[in-house]
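Only the coordinates and a few stated rules stand behind these numbers; no lab work does. Keep in mind that this is a model prediction, so the values were computed, not measured. With ideal geometry, Cβ positions are generated from the backbone for all residues, glycine too; neighbour counts draw on all protein chains shown.
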Amino acid sequence: MMKKLIYLIISPLVFIGCYATPNMDNISSSNRGVNVKATEKIIEQRVALVVGNNDYIGRLSKLNNPINDARALKDILEKRGFEVIYAEDGGKKNMKENLNKFYSKIAKGGVGMFYFSGHGIEVDGQNYLIPIDAKIEAKSDTEYEAIALNKITKRMENSGNRLNIVVLDACRNDPFSRAVGIGGLAKVEPIGMFVSFSTGAGSVASDGRSGENGLFTKSLIKYMKRGLDLRDVFQQTRKEVYQASNHKQFPAIYDQTINGKFYFTQPNISKTNAIVASTKVAEPVGTSTVNSVSVPIKLATKESMENKIYSSKVIIKPSLSKMITVDNSTRNYNDMLEIIFDVENKSHRNINVKYKVKWLNNEGFEVGEALSSWQPIFIDAEDSKKVREIAPMPTASSYKLYFK
């Protein structure tokens, strides 16, 4: 079986607009129309493509909950002003037709969101979403039978609309591996986007019991109903999932956004302004242009760092040391140690590199060991990739960064 993963992407902000969405979860169908007209102000369109795949054929196992999760996401998105293109158990032809319809609509502007729940697989650093009728007998068949994620994100980026979101719940155990708990999708961090997985890249999340929503989706919907900024929605979701799973599932957040905010549910503006005014901290020179976010950042102060030892060690496999260089920096983000590193490919050929972060506390003991796994990076010849990692817990005060 393959594990679950949620992956979310936001493209660069071109136009700052607002969409005042009332809390419609408690509005009955009989009076909903009247209340919406009185309180809802629509400035830009919201379009979503939602796909849930359960009934796989061939070597891929049937799944319990993707359709349940997709229906739940469809419901909340419609209540928050999205026009939803919806499909269950999509084959390759059906998925491509719906994607083309989706691309056409988001080209008109506004916000686009693509949600897929089902099987997904990583092959040579590239992620693929699998239709239910895919004929995959070996991993090498994936490129021809599945839909490449990078092609979807590229089309969405090129649409020219204000904002794009991609949510993937598409990662379980690798069916081509004999070991249990092996599989997942590769981390994807294009500049200008926001990425979130239901669990860390390369880690396994359960499909859950039949008839229920997955732990991540249940928490995500809970916080989508609140007036929180996009990043805050996923930070709160991560915290709840990590605690509820007894520290076994740690949703990953990779923020590569450039500017702008997005709310599923519009917050109380007066309260939001008061909170921002009381928490806003000036950002030091050198950090504002790297993975900048639109929410206030709690940066390290002398007091907050007093008992933390920030040091780093980069360890590159000897056979790789002549091919790559690594430039890394460290900062404190919301009381978590964060590292940002650029990996440069000095060679004249494309390479696949793997890295792993080992997080250490003040005593030098590893923390979050279960969440540390090798992650692939594909780097074109004479090019570089920027990667951002946040410690799994606030007790991490230093790290070792390995490359092979």
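If you average 1/r over every pair of different alpha-carbon atoms in the range 334-398 and take one over that average, what Kirkwood value in Å do you get?
13.1 Å
If you plug each phi of the range 128-142 into the Karplus form 6.51 cos²θ - 1.76 cosθ + 1.60 with θ = phi - 60°, what whole-Hz ³J(HN,Hα) values come out, in order, with x for Gly and Pro?
So the J values, rounded to whole Hz, are 10, 9, 10, x, 5, 9, 5, 9, 10, 9, 9, 4, 5, 6, 4.
Exactly which trypsin sites (Lys or Arg not before Pro) in the range 96-134 are in a DSSP loop and have at most 16 other Cβ atoms within 10 Å?
Hits after loop and neighbour filter: Lys108.
Hey, got a sec? Which GluC sites (Glu not before Pro) in the range 323-381 land in a DSSP loop and have at most 13 other Cβ atoms within 10 Å?
Loop-located and lightly packed - Glu363.
Can you put Ile315, Ile121, Ile152 in order of Cβ neighbours within 10 angstrom, beginning with the fewest?
Ile315, Ile152, Ile121
For each of Glu83, Glu240, Glu122, count neighbouring Cβ atoms within 10 Å of the residue's Cβ, then give the residues from fewest to most.
Ranked by crowding around the Cβ, least crowded first: Glu83, Glu240, Glu122.
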